[in-house]
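Asker: This structure is in structure tokens; I'll ask about it shortly.
The values are calculated or read from the model by the stated rules, or taken from the named source; none is laboratory data. It should be emphasised that the depicted structure is a prediction, and the values quoted were computed from it without experimental measurement. Here the Cβ positions follow ideal geometry from the backbone for every residue, glycine too, while neighbour counts run over all protein chains shown. To get the accessible areas, we keep the full protein, side chains included, count just its heavy atoms, and leave off ligands, DNA and RNA. Shrake-Rupley method; radii C 1.70, N 1.55, O 1.52, S 1.80 Å.
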Amino acid sequence: MQFTINGRLQTVDCDVRTSLLDLLRDHLGLTGTKKGCDQGACGACTVLVDGERINSCLALAVQYQTRSVITIEGIGSARDLHPLQQAFIECDGLQCGYCTPGQICSALGLAGEIKRGVPSACTADLRAGEIEFNSDEIRERLSGNLCRCGAYNGIVQAVQKTFAPTLERAP
Amino acid sequence: MNEFSYERATDPAAAIRLFSKCNGRNPRYLAGGTNLVDLMREDIEQPGTIIDVSGISQAIQRREDGAILLGAGAKNTAVASHRDIRERFPMLTQAIVNGASAQIRNMATVGGNLMQRTRCYYFYDSAARCNKRVRGSGCDALDGFNRIHAILGTSAHCIATHPSDMCVALAALDAIVHIEGPSGPRRLKLTDLHRLPGDTPDVETELAPGELITAVEIPPLPPATRSVYRKVRDRASYAFALVSVAAAVQLNESGDSILAARLALGGVAHRPWRASVAEGVLQGAPATEERFRQAAEAELQLAVGRAHNAFKIDLAKRVVVDTLKELTRRPGDEP
Amino acid sequence: MSVLQKVTEALAKVMPDKGPDPLIETWHIVGQPLSRLDGPLKVSGAARFAAEVPLENLAYASLVLSTIAKGRILRIHSDDARRAIGVITVMTHENAPRMHAPPQMFTYRDSAATSNLPVMQDNRVHWNGEPVALVVAESQEAADYAASLIRVEYEPETAALSFDARKPEAKPPKDILGEPPDITVGGAEDALRRSAFRVDQLYRTPRYNHNAIELHATAAKWGSDGTLTVHDASQALAATRDTIAKSFALEPEKVRVMAPFVGGAFGNKCVWNHTFLCIAAAKLTARAVRIVLTREEVFRITGGRTLSEQRVALGANRDGTLAGLIHTGITGVVSHNAFPEQFTFPARHLYAAEHMLIQQKVVELDMVANTSMRAPGESIGTFALESALDELAIECSLDPIELRRRIEPQKDPTRNIPFSSRNLLEAYRRGAERFGWAQRNPAPGSQRDGAWQIGQGVATAYYPYYRMPGGSARLRITADGRAVVQAAAHEMGMGTATVQVQHAAERLALPVERVSFEYGDTHFPDSPVAGGSNQTVSIVAAVTAAVQELVEKLLRLCGKDSPLAGSRAADVGARDGGLYRLDNPTRGESYRAILQRAGRDYLECTAKAPMPAEMKKYSMQSFGAQFCEVRVNEVSGEIRISRWLGSFDTGRILNPKTAGSQFRGGIIMGIGMALTEESFFDERSGRFVNASLAEYHVPVHLDIPQIEVIWNDIPDPQAPLGLHGIGEIGITGTAAAVANAVYNATGKRIRELPITLDKILTAPPTLRRSVATSATPR
């Protein structure tokens, strides 16, 4: 099977049962994408497919052969961090670091959704074209990403700092 | 997960042909995968052939008569974001964005949402007894942990609920399911698609083998109809409904009387529960709290609670009344 | 008395009272909000966790778990599995390599095993979910599928599964982590009967699971020389090595265990069956084998916090002092470990009472071993105690903070020794001011916003100071003026490397950039388990000892040409990357200069932390005050936390940024414990029924508001660097603060966790017992 991961075309010999998550972790050595439940309940496996965030654990890899997959490794490296990654560090939006790549990928997807006007359960006016990048919207939209260490405040602050600096609140 | 063969269908006819060809190897249609892949990993579903229909009919169209046609392959996010739906059927958008997580909504499709299976704990645990998994094996939920279970339309064989939020809104919207199958196309009211458990809780829908949902049609609402979806759950977000209410109300010009009401409940039954008894009480009635209460009482009259879920009966009534109050509030009313 | 106590008692007699750590008032690097040094690795996905280490010729394992709670395995049908594509072998009790049953960790400090049962050595089944077979295959998909083909026949026996049914047989455990299960001071029941104001209630807490997001994982590889390398998601590396060595009859030096990054642990990442089984499978197949538990398996084969039923009875005098304090109760445990869940520990140290009765009992059940989960005991114990105090405050018509002021003890009420540092009332004062407690209306149901009723509640947070014996560290200083500290310590999110670099840099007077901390590998000197909030202070003590030794070595190396010639360790202090005389700050030189003159590339020493004698002489405890505001929906009973403030008294704070996160993390887990979390244990089968993250509800982003945390930052003169550990205290008091706030909002007192909306909807309003009188003002 052929996949486009972080802009690179890769040919992999794998089982039709292999999930996109296991393809990344076990076959391609891209272990930045994490497994926390393997059933779409924790968000640790979040990656971007054609710019949209999905749970890679619920995706059979075979279904994603023609799509462009971006993982945390494609967002920024330890030596060359994306501004959002930098903000996570500065705001201490992480503790053990296990859910972190998923939170970051999810937040990038979130930013795109707000920009495109995709509503959320916290969007008061569904007719409004523009959605405010406020803390309620961020918290609702990131609720599919569990953090058991409880770094939630720092995560929200990091997302706001990166995408809506004028709305940022001090911790 | 068992071994299976994977086929990709490019249109409904091809999907149905593949299904017929693979009959006997337990074929299953796969769309977004958010439910079926999980169930396969849990060994609850063991398809021999997967027919990928995720690429089929993703369009969302507005027909000339004002109806909306949702392609079965349209993603939840696309439906919720669609301008027509946000403006004319806000409760559908609300139901979708209150269901699952953003990631799942980006994967899950209209057709898959209709076909998703229950979240009953015992259905998910293959060491437990479950008539839905193995007909006649018994039901461990009846006397087990049943806080999340059904109170309406249950049977002695199953008290599972249908987990969808979207379907509750669609039920209230009189949605029509477009189906294609080996014996040709047909249409079903969404409220007729899902079955009550009876003594065959393993048979969940009216679909015949090989039939494929291709679209869901939402007829236009009468003018000046207000609608809302209200969901009550344990977490503030990302949890299945304990009780949910989809309501649409058309008031008279002075706003004190109900011309028509549509009401459906989620989290309470084996299918999205169209509250037609309550609708009957509301039809043409004054828009008063007292009447709302009568409607709720009438709808829940036959509800049966078990050890942990009896609270849902009162909760459903409270939320119905409160939702109707919200929908019929006139400017200047005390909130 | 525990081993630890015996040792510290003996030591306390012989060790002279040392003065406080001289660094206790130094604030150059310690106390700075340094960002996590491992942040770049974590945010880029480059930090490797146990399941992510690449191994050559790796095979994958999958488990089959028992579906009965007790009995015998009659037959295992594994032919289909063995024949399945990609399968290497199927391991059952019939062919598993010999493993000795491990000693269990709560009795033996050098063990990390959570149970002393033999692992897959016979046909006995001890709990529903115990591993009975394991498949090794060439891929995870093949292993999982083959495991699903295995059929097991059992002969079930009657299992003890019902807590309520077993309660009449409850008995006191031998000890509770070395402490006595019972303490009696005077006659508390009589005092209660005579009291002017009384509260006497039962409180119940359910089972909980840790649910760290990283799934438990082990990868094992045997070397041809009989050595064993294990990558294990572990919070107890040295003890894991020793446990494995014992089970497989190896010298501990032959075993290397590594875990540089652990994806959350909270007490749950010690040695469970899968670790032994993975190593055994690697032995059986002569392959590197990896096992990653599924989320369901995390529930079934690793234990969580057990359930409890607690009685708290409080009798107050007219002046609001306590005449009697009773805290008793029962927890469910297993016979194969010793973890009674110390819910009565807070009551032993928190408040002054003339008469006290403390008593814990247990009932043994056939279930997976329960274990420590973030502030075991203290978390659920403070729920009961601090809820009851709120009820007493209402009985006495006293503000709950004022009540706590009136029962503040002068010394430890049960140990009768002084506190090393206790500033709980200061934490209350500062917290109340910041939270705006004075504006709160004490009348239940008096605040609302539309359908939302609003209320505020307060509760004491409490967790002991622990420093476990066994901390050690290696310190190397190099001729280019850098320092490396090494210890087999753990990073599960606490910021271990960051704060240890801060400490070592401060003590050596080097810039942070020139100090590194290496950890997560048993090739480094042993550290104790990262538990009991003890790791930071244990390593600080070891590093302090290593620095002392290194200074002596450096001075010996100085020679007569050095400005430091003839100096003794007591004469010098660290400054500007070197050592300088205290009596003449111009005399001294840099580490680099000392080493270069001596022609040395580096100097190294390994030191052990002194025994924790401070814990014997003083009652060392951490405190805090939790302030909570809730909104309760009158229609639906939904509860949302709208504001939170934690005010802590935990000695000195090493790094405000990482500390703030630890406090918040504890509070958030406490909010889950209070409102949404519960592991449903089906007493008919002994199975957990909601064994998934979809149905076990840990808090999500939207459940959590901005959480404010503040601290006194008063150093504890008896503790190394004046520090207390802070990983656990955040969860304590949290559930009670929520319950107390819910009462203030609704007038309903919920005494059973979690406080879900159905309990709100069905609970009748709680009435005060006596309304005629109130406590005398002071």
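Asker: Once amide H atoms are built 1.01 Å from N in the peptide plane, which residues 5 or more positions from A:LEU60, or in another chain, come under 5 Å H to H?
Answerer: A:LEU20
Asker: Using r as the Cβ-Cβ distance of B:ARG83 and B:LEU302, and R0 as 60 Å, what FRET efficiency do you calculate, to the nearest 0.05?
Answerer: On the way: r = 40 Å, r/R0 = 0.67.
Efficiency computed from Cβ-Cβ geometry: 0.90.
Asker: Straight-line reach from C:LYS617: which aspartates and glutamates fall under 13 Å, measuring Cα to Cα and dropping same-chain residues less than 8 apart?
Answerer: Those aspartates and glutamates meeting the cut-off are C:GLU9, C:ASP17, C:ASP412.
Asker: Using each residue's phi in the stretch B:95-108, evaluate 6.51 cos²θ - 1.76 cosθ + 1.60 at θ = phi - 60° and report the 3J(HN,Hα) Karplus result to the nearest Hz, with x for Gly and Pro.
Answerer: Values per residue, Gly and Pro as x: 4, 5, 6, 8, x, 6, 10, 4, 4, 5, 5, 6, 9, 6 Hz.
Asker: Nearest-5 percent of antiparallel DSSP beta bridges in the protein assembly as shown?
Answerer: The antiparallel fraction comes to roughly 80 percent.
Asker: Hey, got a sec? Which trypsin sites (Lys or Arg not before Pro) in the stretch C:393-473 land in a DSSP loop and have at most 16 other Cβ atoms within 10 Å?
Answerer: Working: sites: C:ARG404, C:ARG405, C:ARG406, C:LYS411, C:ARG415, C:ARG422, C:ARG429, C:ARG430, C:ARG434, C:ARG440, C:ARG448, C:ARG467; in loops: C:LYS411, C:ARG415, C:ARG422, C:ARG440, C:ARG467.
Answer in residue order: C:LYS411, C:ARG415.
Asker: Taking the Cα centroid of the stretch C:522-578 and of the stretch C:325-391, what is the distance between the two, rounded to the nearest whole Å?
Answerer: 40 Å
Asker: Averaged over C:702-711, how many beta carbons belonging to a partner chain fall within 10 Å of each residue's beta carbon?
Answerer: Mean inter-chain Cβ contacts per residue within 10 Å come to 5.
Asker: Name the shape class, rounded, prolate or oblate, that the alpha-carbon gyration tensor gives for the stretch B:150-254, where a ≥ b ≥ c are the square roots of its eigenvalues, rounded holds for a/c under 1.5, and otherwise prolate holds if a/b is larger than b/c and oblate otherwise. It would help to have the intermediate numbers written out before the result.
Answerer: Values: a/c = 2.12, a/b = 1.17, b/c = 1.81.
It is oblate, given that a/c is not under 1.5 and a/b is not larger than b/c.
Asker: Straight-line reach from B:LYS325: which aspartates and glutamates fall under 18 Å, measuring Cα to Cα and dropping same-chain residues less than 8 apart?
Answerer: B:GLU253, B:ASP256, B:GLU279, B:GLU289, B:GLU290, B:GLU297, B:GLU299, B:ASP314, B:ASP333, B:GLU334, C:ASP449, C:GLU634
Asker: Okay, next question. Out of the stretch C:19-123, which chymotrypsin sites (Phe, Trp or Tyr not before Pro) are coil in DSSP terms and have no more than 11 other C-beta atoms within 10 Å? Could you put the intermediate results ahead of the total?
Answerer: Details: sites: C:TRP27, C:PHE49, C:TYR60, C:PHE106, C:TYR108; in loops: C:TRP27, C:PHE49, C:PHE106, C:TYR108.
Answer in residue order: no site qualifies.
Asker: Tell me, what does the Kirkwood hydrodynamic radius of chain C come to in angstroms if you use every pair of distinct C-alpha atoms?
Answerer: 27.6 Å
Asker: When Rg is the radius of gyration of the Cα atoms in chain B and Rh is its Kirkwood radius, what does Rg/Rh come to?
Answerer: 0.97
Asker: Could you state the orientation-averaged shadow area of the convex hull built on the Cα atoms of the stretch C:620-669, in nm² to one decimal?
Answerer: It is 4.4 nm².
Asker: If you don't mind, there's one more thing I want to ask. Considering Cα pairs under 8 angstrom that are at least six residues apart, work out the relative contact order of chain C and quote it in whole percent. Let's see the in-between values first.
Answerer: Numbers: 1999 pairs, mean separation 132.7, N = 778.
In percent, rounded to a whole number, it is 17.
Asker: Follow-up. Got a sec? Charge dipole of the stretch B:5-54, +1 on Cβ for Lys and Arg, -1 for Asp and Glu; which of B:TYR29, B:GLY48, B:ALA15 is way out at the positive end?
Answerer: Of the listed residues, the answer is B:ALA15.
Asker: Report, in listed order, any pair from C:LYS254/C:LYS616; C:LYS174/C:LYS411; C:LYS246/C:LYS553; B:LYS231/C:LYS657; C:LYS70/C:LYS759; B:LYS75/C:LYS657 with a Cα-Cα distance greater than 29 Å.
Answerer: C:LYS254/C:LYS616; C:LYS246/C:LYS553; B:LYS231/C:LYS657; C:LYS70/C:LYS759; B:LYS75/C:LYS657
Asker: Something else now. Can you tell which of B:LEU114, B:LEU39, B:LEU212 shows the greatest fluctuation in a Gaussian network model of chain B with Cα springs below 10 Å?
Answerer: Most flexible of the set in this elastic network: B:LEU39.
Asker: Here's another thing I want to ask about it. What's the buried accessible area, both sides, between A and C using a 1.4 Å probe, rounded to 100 Å²?
Answerer: 4400 Å²
Asker: A follow-up question, please. Please report the spacing between the Cα centers of the stretch C:698-774 and the stretch A:1-60 in Å, no decimals.
Answerer: If we compute the Cα centre of each part, the gap is 40 Å.
Asker: Return the ratio Rg/(2.2 N^0.38 Å) for the stretch A:2-74, where Rg is computed over Cα atoms only.
Answerer: Taking the Cα Rg and dividing by 2.2 N^0.38 Å, one obtains 0.95.
Asker: Of all the accessible heavy-atom surface of the stretch C:468-611, with the other protein chains kept in place and a 1.4 Å probe, what percent is carbon and sulfur?
Answerer: Whole-percent figure for carbon plus sulfur exposure: 47.
Asker: Per the Kirkwood formula on distinct C-alpha pairs, the Rh of the stretch C:468-611 is how many angstrom?
Answerer: 15.3 Å
Asker: Further question on the same structure: Taking each full run of DSSP H in chain C as one helix, which ones are at least 27 Å long along their axis (Cα atoms) and have mean Kyte-Doolittle hydropathy of at least 0.5? Intermediate values should be presented prior to the final figure.
Answerer: On the way: long enough: C:535-558 (34 Å, 1.07); C:656-675 (28 Å, 0.53).
The answer, listed by residue number, is C:535-558, C:656-675.
Asker: With a ≥ b ≥ c taken as the square roots of the eigenvalues of the C-alpha gyration tensor of the stretch B:225-328, please select rounded if a/c is under 1.5 and otherwise prolate if a/b is larger than b/c or oblate if it is not?
Answerer: Because a/c hits 1.5 or more and a/b exceeds b/c, the stretch B:225-328 counts as prolate.
Asker: If you put +1 on each Lys and Arg Cβ and -1 on each Asp and Glu Cβ, how big is the dipole of the stretch B:225-328 around its Cα centre, in Debye rounded to 20?
Answerer: 520 debye
Asker: Which loop-located GluC sites (Glu not before Pro) does the stretch B:107-210 contain, where loop means any DSSP state but H, G, I, E or B and the Cβ has at most 16 other Cβ atoms within 10 Å?
Answerer: Loop-located and lightly packed - B:GLU206.
Asker: Looking at chain B, which longest stretch skips every one of the trypsin sites (Lys or Arg not before Pro) that is in a DSSP loop with at most 14 other Cβ atoms within 10 Å, leaving the sites themselves out?
Answerer: B:136-328
Asker: Rounded to whole Hz and in sequence order, give me ³J(HN,Hα) for the stretch C:486-491 from the Karplus expression 6.51 cos²θ - 1.76 cosθ + 1.60, θ = phi - 60°, writing x for Gly and Pro.
Answerer: 10, 7, 7, 8, 10, 10
Asker: On alpha carbon coordinates alone, what is the Rg over Rh value for the stretch B:5-54, Rh being the Kirkwood radius?
Answerer: Numbers: Rg = 10.4 Å, Rh = 10.8 Å.
So for the stretch B:5-54, dividing Rg by the Kirkwood Rh gives 0.96.
Asker: Is the shape of the protein assembly as shown best called rounded, prolate or oblate, per the rule: a/c under 1.5 gives rounded, else a/b larger than b/c gives prolate, else oblate, with a ≥ b ≥ c the square roots of the Cα gyration tensor eigenvalues?
Answerer: In terms of gyration-tensor shape, prolate.
Asker: Sticking with this structure for a sec: Could you work out the relative contact order of the stretch C:515-642, using alpha carbon pairs under 8 angstrom and six or more residues apart, expressed as a whole percent?
Answerer: Reported relative contact order: 20 percent.
Asker: For the stretch A:73-124 and the stretch B:278-310, compute the distance between their C-alpha centroids and round to whole Å.
Answerer: 45 Å
Asker: Here is a follow-up. About the Cα centre of the stretch A:2-74, what is the dipole size in debye to 20, counting +1 per Lys and Arg Cβ and -1 per Asp and Glu Cβ, all else neutral? Working shown, then result.
Answerer: Numbers: 7 positive and 8 negative charges, 26 e Å.
With only Lys, Arg, Asp and Glu charged at Cβ, the dipole is about 120 debye.
Asker: Let me ask something additional. Show which aspartates and glutamates lie in cross-link reach of C:LYS167 when reach means a straight Cα distance below 18 angstrom and same-chain residues fewer than eight apart are skipped.
Answerer: In chain and number order, the partners are C:ASP182, C:GLU309, C:GLU341, C:GLU364, C:ASP366, C:ASP682, C:GLU683, C:GLU752.
Asker: Hey, another quick one. Answer with one residue from A:THR66, A:GLN10, A:VAL47: the one whose Cα lies farthest towards the positive end of the charge dipole of the stretch A:2-74, charges on Cβ with Lys, Arg +1 and Asp, Glu -1.
Answerer: A:VAL47
Asker: Which number comes out as Rg/Rh for the stretch A:83-167 once both Rg and the Kirkwood Rh are worked out on C-alpha atoms?
Answerer: Looking at the stretch A:83-167, the ratio lands at 0.96.
Asker: How large is the charge dipole for the stretch C:630-694, taken about the Cα centre, if only the Cβ atoms of Lys, Arg (+1) and Asp, Glu (-1) carry charge, to the nearest 20 debye?
Answerer: 380 debye
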